[in-house]
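Comments concern the structure below.
The values are calculated or read from the model by the stated rules, or taken from the named source; none is laboratory data. Since this is a predicted model, take the numbers as computed values, not measurements. Glycine gets a Cβ as well: all are built from the backbone with ideal geometry, and neighbour counts include every protein chain shown. We work out accessible area using only protein heavy atoms, side chains counted, and drop any ligands, DNA or RNA first. Shrake-Rupley method; radii C 1.70, N 1.55, O 1.52, S 1.80 Å.
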Amino acid sequence: MKRRILFTLMLAAGIASAGELSLYDGKHLASVVHEDGATFKLAANMLAHDLESLSGRAPKVSANLADCRATCVVIGRYDSQLVARLAQDAGIDLAILKGQWERYSRVAIVSKRDPNQRYLLIAGSDPRGAVYGVVDLTREMGVSAWEWWADVAPARAAKVAVGDTRRDSAPPSVQYRGVFLNDEDWGLQPWAAKTFDPATGDIGPKTYARIYELLWRLKANTIWPAMHDVTKPFYQIAGNPEMARDYSIVVGTSHAEPMMRNNVREWDKKDGAFNFFTNRDKMIGYWQKRVDEVKGFENIYSVGLRGIHDSAMEGAKNVDEARDGVADVIGVERAMLSKAQGRPPQQIPQALTLYKEVLDIYKAGLKVPEDITLVWPDDNYGYLAQLSNADEAKRAGGTGLYYHLSYWGRPHDYLWLGTTHPALIREQMDRAWQTGSRKLWIVNVGDIKPLEYLTQYFLDLAFDHNNFAQTPRQHLQSWLATQFGAAKAGEIADLMMAYYDLAWERRPEFMGFGQTEPTTPNKPTAYLQSGGDEAERRLARYAALAQQADAIGAALPAARRDAFFELVQYPVRSSANINARILKLELAARGPNSEQLVQQARAAHAALVADAATYNALAGGKWRRMMDIAPRKLSVFKEPDYTPTPNVVFGAPGQRERLVSIAAVSAKPHPLWETVPGLGSQGASLRVKLDTPSLDPATPGAPLVYEFNTVVASPAQLKFVALPTHPLTSRNQLRLAFSVDGGPLEVRDFSTKGRSEEWKQNVLSNTAKRSIALAQLAAGRHTLQVYALDPGFILDRIEVASEGAPTYYGAAP
């Protein structure tokens, strides 16, 4: 019935039920009219820019409907005078938008007075809703979200036409979606200060305008500004908050910056210690000043208290004292917010990020007002530390998450290349979505570049949960088709998935096998085991990827080569070269071809330097100072003296012949387990379904069944290789049960505590392992039964190593 009414309305308005509306036909170019207001004018100018890029002509932009000629795009709120008048004249009902968050209706209209006059109306429920209507229009026109930030310039078009059927957008899946600019010392800040905006000499409004437009194109609405001490604080640079207001961007701050304060550079040591227990009045005054300054802007206020820069709260002697102190602080903060804004605190967006020790304080019984959004963090390496239980999911303020795609800290930084596996992002965001964390999603994107695709994937999942229906590879291929065309998208997607697979085994930044904070020197890599065979295989895979990337890049149109270098060639080549510099030098210690390997290691480092220089020189020097091949100058990045590594211990060649690796997904389908595509070392993993209750090992239900064979009787070792996830909620554990050949049921717990040494090794290798010694396995077929006990557990593979003779998966040869 609703469809029939809509069809009737469309006919009454003179809209074709199917077909196209021309915005440019080679002669005539649509004009753009917008509602008065900074946000609408900026959106109109963005659309005009894209139309000019496609047509080669600048369209007329106006705030006056009388300026429309022939075809006109009209942008505004559904209830504005401009839009309401046009909708009323055409008989268009926009009531669906009333009271909605970030939605729009797009309707093509033929004027009743002049059949030659056509309008494409984009009516937003609010300013951001109208903006997203413009963004969807530019996407339909073929413009990439990365047209400026990755130089994916639109190609000139003979005509530009879009569909003319009515569109009513759905609300975003997550209400607040955005990025945290962080660890900007080696890329974003020097680039902004010395290349893009030297007049400001910092990350100022000119830079933020570019960032905000990118957020628009990615359908994000929130930013946590850059806050390292290399950067002048956001609110101390004239125009920064006003630029956010003009773009209708919500400003929040990180977990270490309550009440919109950047403590790193704003807290004056002359005011005493940053200690709420001993310096309460000074700290309250410090917060109140900022709260009064920003009360007229749209903000999400971080509440609670941590140390000055990503450290624990000062002054608390134990967790109970910290808990009571944070509760006191939150009460004070809410009172000052309410006073400044003249409304109840329940009406002011607030968030408490349960990061590091704050999660321990929360677990110790911290009572958080129901309207405050609880923000669950990952462990800095892509694994969410905890998610909402049933009660927490019902909070009035909801729950959200804070996720890292870039990180500075122990056990090792990864600030250089974007290497988090898309399949891990999908899996972790899926568990957040399914457990009800849908209020706020923030992703740490470092310098933005070179994290372009991973940032878009995260935000696409946040804006529309239907994107979870795609596999990571499907989403990647679709994205690549937008950047480089459909013809090459499949080949490039295979290349990039192989790139992420190699980084899954070991990120390029982790190849020195050292650690940071405290910094430890590089040490011989585990890839030199098995006589160096693993290292050589890894090098061959990287070399093939780099060669393939170069070939694809050379075949692309010249206008796409800069973008391809930024998005594909640079990360692939640099990953290959740092692996080559490290592994070839260590392989040289074996003796054969030593000098040749040393020279290849030298060449790999020279290529790293050359490729970074090429990157910084792209587009006439547009990205100068953006790319640094050695963030923090860590040991792994240091050019060696090219002396082969002494005392390298090589394993015995062929020792892996006695080990069988069984992919978890090779088991028959099971009602308690689901396949996670693309994740793990086997191309897919098995996850215990998230709606599965934790089970008693005494009654675990039906098992997964695996079979393998041994040739002769022998002692053996059974190893379960899982992903280093954490218990799904505070009410779950992370256990697995198993039985060999019908023997007794055994249980293993895979959870880790804090930043233990085991956790460090787990996140560096993306594995969590439990080994079981089997005193004696008879020759012949064996059955392994594996039982699900806790939701969210992810099993990658099972390894069986026989001491005496080869082991086979399936039938023995």
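Filter the stretch 179-205 down to the residues that are more than 22 Å from L567 (Cβ to Cβ) and assigned to a strand (DSSP E or B) and list them by number.
Correct list: empty.
Among the candidates D494, D550, D562, which residue alone is open to solvent by 10 Å² or more (accessible area, probe 1.4 Å), in a helix (DSSP H, G or I), touching a residue at least 40 places away in the same chain (Cβ under 8 Å) and over 25 Å from K633 (Cβ atoms)?
D562
Checking the conditions here, which among Y570, Y527, Y542 is more than 30 Å from T482 (Cβ to Cβ), open to solvent by less than 60 Å² (accessible area, probe 1.4 Å) and among the aromatic types (F, W, Y)? Talk me through it step by step, then tell me what you get.
Details: Y570 fails: more than 30 Å from T482 (Cβ to Cβ); Y542 fails: more than 30 Å from T482 (Cβ to Cβ).
After applying the criteria, what remains is Y527.
Can you name the residue in the stretch 66-78 that is surrounded by fewer than 16 Cβ atoms within 10 Å (Cβ to Cβ) and touching a Lys or Arg at 6+ places or on another chain (Cβ under 9 Å) and, of all such residues, is farthest from L137 (Cα to Cα)?
Initial filter on the stretch 66-78 (surrounded by fewer than 16 Cβ atoms within 10 Å (Cβ to Cβ)): 66-67, 69-70.
Subset that is touching a Lys or Arg at 6+ places or on another chain (Cβ under 9 Å): 67, 69-70.
Values: D67: 21, R69: 19, A70: 19 Å.
Looking at residues that are surrounded by fewer than 16 Cβ atoms within 10 Å (Cβ to Cβ) and touching a Lys or Arg at 6+ places or on another chain (Cβ under 9 Å), I get D67.
Kindly indicate whether any position in the stretch 452-466 is aliphatic (A, V, I, L, M), within 16 Å of the chain's Cα centre (by Cα), open to solvent by 20 Å² or more (accessible area, probe 1.4 Å) and modelled with pLDDT of 95 or more. Can you show your working first?
As a first pass, look at the stretch 452-466 and keep what is aliphatic (A, V, I, L, M): 454, 459, 461-462.
Those still in the list that are within 16 Å of the chain's Cα centre (by Cα) too: 454, 459, 461-462.
The next check asks that each one be open to solvent by 20 Å² or more (accessible area, probe 1.4 Å); those that pass are none.
For the stretch 452-466, residues aliphatic (A, V, I, L, M), within 16 Å of the chain's Cα centre (by Cα), open to solvent by 20 Å² or more (accessible area, probe 1.4 Å) and modelled with pLDDT of 95 or more: absent.
May I ask you to say which residue of L690, L695, L704 is open to solvent by less than 60 Å² (accessible area, probe 1.4 Å), within 30 Å of F510 (Cβ to Cβ) and among the hydrophobic types (A, V, I, L, M, F, W, C)? Working first, answer last.
Numbers: L695 fails: within 30 Å of F510 (Cβ to Cβ); L704 fails: within 30 Å of F510 (Cβ to Cβ).
Within the list L690, L695, L704, the selection yields L690.
Of everything in the stretch 351-378, what is touching a residue at least 40 places away in the same chain (Cβ under 8 Å) and farther than 16 Å from S437 by Cβ? Give them in sequence order. Walk me through how you get there before you give the answer.
So in the stretch 351-378, the residues touching a residue at least 40 places away in the same chain (Cβ under 8 Å) come out as 351-353, 355-358, 360-361, 363-367, 372-373, 375-378.
Listed by number, the residues that qualify are K356, E357, V358, D360, I361, K363, A364, G365, L366, K367.
If you check C72 against the conditions, is it of a type in the set (A, V, I, L, M, F, W, C) and modelled with pLDDT of 95 or more? Break it down into steps so the answer makes sense when it comes.
Working: of a type in the set (A, V, I, L, M, F, W, C): yes; modelled with pLDDT of 95 or more: yes.
Here the answer is yes, as C72 does meet what is asked.
For S125, only one of the following conditions fails: (1) on the phi > 0 side of the Ramachandran plot; (2) surrounded by 23 or more Cβ atoms within 10 Å (Cβ to Cβ). What is its number?
(1)
Would it be correct to say that S635 is open to solvent by less than 50 Å² (accessible area, probe 1.4 Å), modelled with pLDDT under 95, under 34 Å from the mean Cα position of the chain (by Cα) and of a type outside the set (K, R)? So that I can check it myself, show each step before the final result.
On the way: open to solvent by less than 50 Å² (accessible area, probe 1.4 Å): yes; modelled with pLDDT under 95: yes; under 34 Å from the mean Cα position of the chain (by Cα): yes; of a type outside the set (K, R): yes.
So S635 fits the description; yes.
Tell me which residues, restricted to the stretch 231-252, are open to solvent by 50 Å² or more (accessible area, probe 1.4 Å) and aliphatic (A, V, I, L, M).
Passing the criteria: only A238.
Conditions first: (1) surrounded by fewer than 19 Cβ atoms within 10 Å (Cβ to Cβ); (2) of a type in the set (A, V, I, L, M, F, W, C); (3) assigned to a loop (DSSP other than H, G, I, E, B). A150 passes all but one, so which condition is the exception?
(1)
Answer yes or no as to whether K269 is at pLDDT below 95 and exposed (fewer than 15 other Cβ atoms within 10 Å of the Cβ). Show your work before the answer.
On the way: at pLDDT below 95: yes; exposed (fewer than 15 other Cβ atoms within 10 Å of the Cβ): yes.
Here the answer is yes, as K269 does meet what is asked.
Checking K219 against (1) in a loop (DSSP other than H, G, I, E, B); (2) basic (K, R); (3) within 21 Å of G304 (Cβ to Cβ), only one condition comes out false. Which one?
With respect to (1) in a loop (DSSP other than H, G, I, E, B); (2) basic (K, R); (3) within 21 Å of G304 (Cβ to Cβ), K219 is out only on (3).
Which members of the stretch 387-446 meet the condition of being in a loop (DSSP other than H, G, I, E, B), at positive phi and in contact (Cβ under 8 Å) with a residue 60 or more places away in the chain? I'd like the intermediate steps shown before the answer.
Initially, the stretch 387-446 is screened for residues in a loop (DSSP other than H, G, I, E, B), giving 387-389, 394-398, 405-406, 408-413, 415-421, 435-439.
Now restrict to residues that are at positive phi: 398, 409, 436.
Selection gives G398, G409.
Of all residues in the stretch 758-801, how many are outside any strand (DSSP E or B), open to solvent by 10 Å² or more (accessible area, probe 1.4 Å) and modelled with pLDDT of 95 or more? If you could, list the steps in order and put the result at the bottom.
Of the stretch 758-801, the ones outside any strand (DSSP E or B) are 758-767, 778-779, 789-793.
Restricting the remaining residues to those that are open to solvent by 10 Å² or more (accessible area, probe 1.4 Å) gives 758, 760-762, 765-767, 778-779.
Of the ones still in play, those that are also modelled with pLDDT of 95 or more are 758, 760-762, 765-767.
Total meeting the criteria: 7.
Restricting the search to the stretch 82-122, which residues are among the basic types (K, R) and part of a loop (DSSP other than H, G, I, E, B)? Break it down into steps so the answer makes sense when it comes.
Let us first name the residues in the stretch 82-122 that are among the basic types (K, R), namely 85, 98, 103, 106, 112-113, 118.
If the condition is that a residue be among the basic types (K, R) and part of a loop (DSSP other than H, G, I, E, B), then K98, R103, K112, R113 are the ones that fit.
Could you list, ordered by first residue, the pairs with Cβ atoms under 6 Å in which the first is in the stretch 569-593 and closer than 25 Å to G553 by Cβ and the second is open to solvent by 30 Å² or more (accessible area, probe 1.4 Å), at least 6 apart or interchain?
From the stretch 569-593, the pairs are K584/Q600.
Exactly one condition in (1) farther than 30 Å from S751 by Cβ; (2) open to solvent by less than 20 Å² (accessible area, probe 1.4 Å); (3) modelled with pLDDT under 95; (4) assigned to a loop (DSSP other than H, G, I, E, B) is not met by W623; state its number.
So the condition that W623 fails would be (3).
For A546, work out the one condition from (1) touching a helix residue (DSSP H, G or I) at 6+ places or on another chain (Cβ under 6 Å); (2) under 30 Å from L54 (Cβ atoms) it doesn't fulfil.
Here A546 meets the rest and fails (2).
Can you tell me which condition A335 does not meet? The list is (1) at pLDDT 95 or above; (2) aliphatic (A, V, I, L, M); (3) outside any strand (DSSP E or B); (4) crowded, with 16+ Cβ neighbours inside 10 Å, and all the others hold.
(4)
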